[in-house]
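Engineer: After the structure tokens below, expect a handful of questions from me.
The values are calculated or read from the model by the stated rules, or taken from the named source; none is laboratory data. Keep in mind that this is a model prediction, so the values were computed, not measured. Methodologically, a virtual Cβ is constructed for each residue, glycine included, from the backbone with ideal geometry; neighbour enumeration extends over all protein chains shown.
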């Protein structure tokens, strides 16, 4: 029987070797496995790092800090996140948890927050910490968000589904990035169900959705700013060019009537282009659109940043590009005849835009035609207090000429002075803006807007406010919210 | 050096390793475990020294490596369990005491294993009774889809662990008696006459019974593999193995179609990432733990095994999945080390069989050794996704009373055979 025993031995040894082989295979596959959602290894390793704090623009108000916990069987203490401002900045700051990974700045700036970035200083610090057996410390992040203005925006939006974005036109600094309904990031780890049960007056409350950067709204009349920019900048239309408004526009042989959110009578008769923007007359923009063509309008939309994810410090899946959408996908027609130029010109067609994109449009107009890269991060500070990186303003797009920007500013100032946007007036400050009320086809479910900047002659703040599922118009509901936000920001930074 | 002095020396080394392991866990988790950890290690070694003294007294010529081997495996398991849940480690320690008591009792009172040959039919019958126990209403208990447990008042135990040993004793006796008859037939590579397949069919039927009754591929596969290994060693007739393998596959295939629990297991094995948070969760987490361990592991007590809520990431971590925990904290080096311990065990066990003069001793040693090794392979293979996952324990390492006690009994029998063999040789 001994030969059989010897052979059986080798068979069983071969089986045991195969066990070591497959374990080695998993080791070899580890980088691929580490990237899979639900793999606790990487997340937990990062939990042992004393993560950097996240501050408001004042460098004092804390958006995210750590709670050191030592629980059963952990070995090292863990640093769990606490968000003292609860829902205030849940969307831009995001969360960092064990159970559900990370979002917002917590995800996009994770390398800096965990101190695993490759700056020479940080690498040296980490090496020393490791040698001394100390806990790895992350870098702090000071954001550009103005906590007070953010609170004003969140309160003003409260109880509705919508978002507001405020930018500094000449730097691209994001001062407000507000989205409602919001959620308390402290609940993500253990009480996620409570977040899922959030109710809101729109079909899908989706409190986790950052409506400011990823919410798609029909731009409606606010898109007329882009159409006007195309018409003026191409030299095809002047602010003084006159049009006749019959109260409707003929498209493919059918009458498309003006919408009720325009101010003044239903039929204006002969008006200038500037007056058409001031009173948001659809028929005139419809004519302009047909005159300059859908391709030119879309070209200018792209010059403002449409069809791209704005380069802001948020994870890519929390940013949505703006543009025409077809079957839920971004769609840039190769043949301009596929698009209805008239409806495109006044922001209907199949256009969907984010509040962030529309804020970038008005900020570009306010900044002499140059769109700056939006940024949420002011500076990154090492544990020893040394600033290791400070964000400097960068130009993103050159949308229109300074002259076109000045003409648009004048036209938009008239909108707030005596047009559809009077509710955005701020005493002693000239405000430039544009309202929007986009029909979704169902009554009481309009997407409503206000976009604008102030002061018109020296813009300090550009703002976009969008709300969905509203029965009212942009001029009555969105403009006052924009006004509050601009006031709050101008008061603090006169 | 005499056998027993060599054994004592190796036990001393095991003691050093155990103390180091417990100290490592203590240093990594001072907030959880206490300074008592070192006295645990001391107590653990004291137990094995007692077992050693019993061997010195009763079986002076028994193999000197088996006791240190199972001591080291037990220590690795106990350290991991201690790291996962100190309370469970205490209970496991209690089971080690009971296991070693059974070990000592067997060594002291069963001086000659050949007396078992006389009662082999009673033992074979007892094995079947034990296997059927979990199926009895009011007694059986189903955990995680498999009916392997018996619930009698305060204790829940797995009779299959003991049936395994009784089955090996019966097969050793039966095959020794009938190996001439079974080996007959046309030529060495010829096919035995169909009438000789009778016993094979009976055992196959029994394995199928176990399969369908427990709904667990693991135990069925284990018993049948032991049988095939033993019949092949006894007869050197490969057709038995081939036909047996085909029959078992057919039975498993039938089970696959009848029992949804088995279908789940197989489809998860083929693609665990089809439901990484559902059915595939255990296996996926196990793979993450193995991959995350790297070459040398995260270190004892420092691996990612427990969630912030204090539960293991992998359900059944201290029982079925303890190997994944070892991989996470001790790395590929630790994995290879544990596997190597089973290989050395295999070598020592088979060495006893090869040196044995009589067929019964040979087959008994082969059967007992193969049973333990195959069981280790099936569960490690399941945890590493080499084969479909089945719920059996990793011998000496997993948390579980039945498993610990049964495996100490198994080692005691091997040592008795070894003592007999070595005494005859000298």
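Engineer: State whether the residues of segment A:39-46 include one that is touching a strand residue (DSSP E or B) at 6+ places or on another chain (Cβ under 9 Å), assigned to a helix (DSSP H, G or I), modelled with pLDDT under 80 and facing another protein chain (nearest Cβ under 9 Å).
Structural biologist: Taking every residue of segment A:39-46 in turn, at least one turns out to be touching a strand residue (DSSP E or B) at 6+ places or on another chain (Cβ under 9 Å), assigned to a helix (DSSP H, G or I), modelled with pLDDT under 80 and facing another protein chain (nearest Cβ under 9 Å).
Engineer: Looking at residue B:317 and the list (1) within 26 Å of the chain's Cα centre (by Cα); (2) modelled with pLDDT under 85, which single condition is not satisfied?
Structural biologist: Going through (1) within 26 Å of the chain's Cα centre (by Cα); (2) modelled with pLDDT under 85 one by one, residue B:317 breaks only (2).
Engineer: Exactly one of these conditions fails for residue B:45: (1) modelled with pLDDT under 90; (2) closer than 23 Å to residue B:317 by Cβ; (3) buried (at least 18 other Cβ atoms within 10 Å of the Cβ). Give me its number.
Structural biologist: The number of the failed condition is (2).
Engineer: Test each condition in (1) more than 7 Å from chain B (Cβ to nearest Cβ); (2) part of a helix (DSSP H, G or I); (3) in contact with a helix residue (DSSP H, G or I) (Cβ under 6 Å, 6 or more places away or on another chain) for residue A:52 and report the one that comes out false.
Structural biologist: (2)
Engineer: Tally up the residues in segment B:292-312 that are part of a loop (DSSP other than H, G, I, E, B), over 24 Å from the mean Cα position of the chain (by Cα) and surrounded by 20 or more Cβ atoms within 10 Å (Cβ to Cβ), please.
Structural biologist: Within segment B:292-312, residues that are part of a loop (DSSP other than H, G, I, E, B), over 24 Å from the mean Cα position of the chain (by Cα) and surrounded by 20 or more Cβ atoms within 10 Å (Cβ to Cβ) number 6.
Engineer: Determine if segment A:395-405 includes at least one residue that is out of contact with any helix residue (DSSP H, G or I) (no Cβ under 6 Å at 6 or more places or on another chain), closer than 30 Å to residue A:293 by Cβ and free of Cβ contacts under 8 Å to residues at least 24 places away in the same chain.
Structural biologist: yes
Engineer: Failed condition for residue B:291, given (1) farther than 19 Å from residue B:88 by Cβ; (2) more than 7 Å from chain A (Cβ to nearest Cβ), with all others met?
Structural biologist: Against the list (1) farther than 19 Å from residue B:88 by Cβ; (2) more than 7 Å from chain A (Cβ to nearest Cβ), residue B:291 comes up short only on (2).
Engineer: Which members of segment A:189-232 meet the condition of being outside any helix (DSSP H, G or I) and out of contact with any strand residue (DSSP E or B) (no Cβ under 9 Å at 6 or more places or on another chain)?
Structural biologist: Let us first name the residues in segment A:189-232 that are outside any helix (DSSP H, G or I), namely A:189-191, A:197-210, A:215-219.
Selection gives A:190, A:191, A:197, A:198, A:199, A:208.
Engineer: Residue by residue through segment A:96-117, note down the ones that are within 14 Å of chain B (Cβ to nearest Cβ) and either at pLDDT 85 or above or crowded, with 24+ Cβ neighbours inside 10 Å (or both).
Structural biologist: If the condition is that a residue be within 14 Å of chain B (Cβ to nearest Cβ) and either at pLDDT 85 or above or crowded, with 24+ Cβ neighbours inside 10 Å (or both), then A:96 is the only one that fits.
Engineer: Let me ask something else. Given A:415, A:429, A:465, A:461, which one is surrounded by fewer than 24 Cβ atoms within 10 Å (Cβ to Cβ) and either under 30 Å from residue A:199 (Cα atoms) or touching a strand residue (DSSP E or B) at 6+ places or on another chain (Cβ under 6 Å) (or both)? Can you show your working first?
Structural biologist: On the way: A:415 fails: surrounded by fewer than 24 Cβ atoms within 10 Å (Cβ to Cβ); A:465 fails: surrounded by fewer than 24 Cβ atoms within 10 Å (Cβ to Cβ); A:461 fails: surrounded by fewer than 24 Cβ atoms within 10 Å (Cβ to Cβ).
None of the others qualify; the one that does is A:429.
Engineer: Please specify each residue of segment B:243-275 satisfying the condition of being farther than 19 Å from residue B:378 by Cβ and within 14 Å of chain A (Cβ to nearest Cβ).
Structural biologist: Matches in segment B:243-275: B:271, B:273, B:274, B:275.
Engineer: When you go through (1) touching a strand residue (DSSP E or B) at 6+ places or on another chain (Cβ under 9 Å); (2) under 16 Å from residue A:139 (Cβ atoms) one by one for residue A:111, which number turns out not to apply?
Structural biologist: Of the numbered conditions (1) touching a strand residue (DSSP E or B) at 6+ places or on another chain (Cβ under 9 Å); (2) under 16 Å from residue A:139 (Cβ atoms), the odd one out for residue A:111 is (1).
Engineer: Could you tell me whether any residue of segment B:386-407 is part of a loop (DSSP other than H, G, I, E, B) and within 11 Å of chain A (Cβ to nearest Cβ)?
Structural biologist: Checking segment B:386-407: at least one residue is part of a loop (DSSP other than H, G, I, E, B) and within 11 Å of chain A (Cβ to nearest Cβ).
Engineer: Inspect segment A:65-76 for any residue being surrounded by fewer than 18 Cβ atoms within 10 Å (Cβ to Cβ), more than 7 Å from chain B (Cβ to nearest Cβ), under 26 Å from the mean Cα position of the chain (by Cα) and more than 28 Å from residue B:295 (Cβ to Cβ) and give the result as yes or no.
Structural biologist: Scanning segment A:65-76 turns up at least one residue that is surrounded by fewer than 18 Cβ atoms within 10 Å (Cβ to Cβ), more than 7 Å from chain B (Cβ to nearest Cβ), under 26 Å from the mean Cα position of the chain (by Cα) and more than 28 Å from residue B:295 (Cβ to Cβ).
Engineer: Would you pick out the residues in segment B:328-341 that are in contact (Cβ under 8 Å) with a residue 40 or more places away in the chain and within 9 Å of chain A (Cβ to nearest Cβ)?
Structural biologist: Result: B:335, B:339.
Engineer: In addition: Out of B:53, B:130, B:72, B:90, which single residue is more than 24 Å from residue B:219 (Cα to Cα), more than 14 Å from chain A (Cβ to nearest Cβ) and touching a residue at least 12 places away in the same chain (Cβ under 8 Å)?
Structural biologist: B:72
Conditions (1) within 8 Å of another protein chain (Cβ to nearest Cβ); (2) modelled with pLDDT of 90 or more, marked per residue:
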position: B:286; (1), (2): no, yes
position: B:305; (1), (2): yes, no
position: B:344; (1), (2): no, yes
position: B:347; (1), (2): yes, yes
position: B:352; (1), (2): no, yes
position: B:368; (1), (2): no, yes
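Engineer: Separate question: Here's a check for you: in segment B:374-384, which residue that is facing chain A (nearest Cβ under 10 Å) and closer than 10 Å to residue B:225 by Cβ is surrounded by the fewest Cβ atoms within 10 Å (Cβ to Cβ)?
Structural biologist: B:377
Engineer: Would you mind telling me which numbered condition in (1) buried (at least 22 other Cβ atoms within 10 Å of the Cβ); (2) modelled with pLDDT of 70 or more; (3) closer than 16 Å to residue B:244 by Cβ residue B:127 fails?
Structural biologist: Condition (3) is where residue B:127 drops out.
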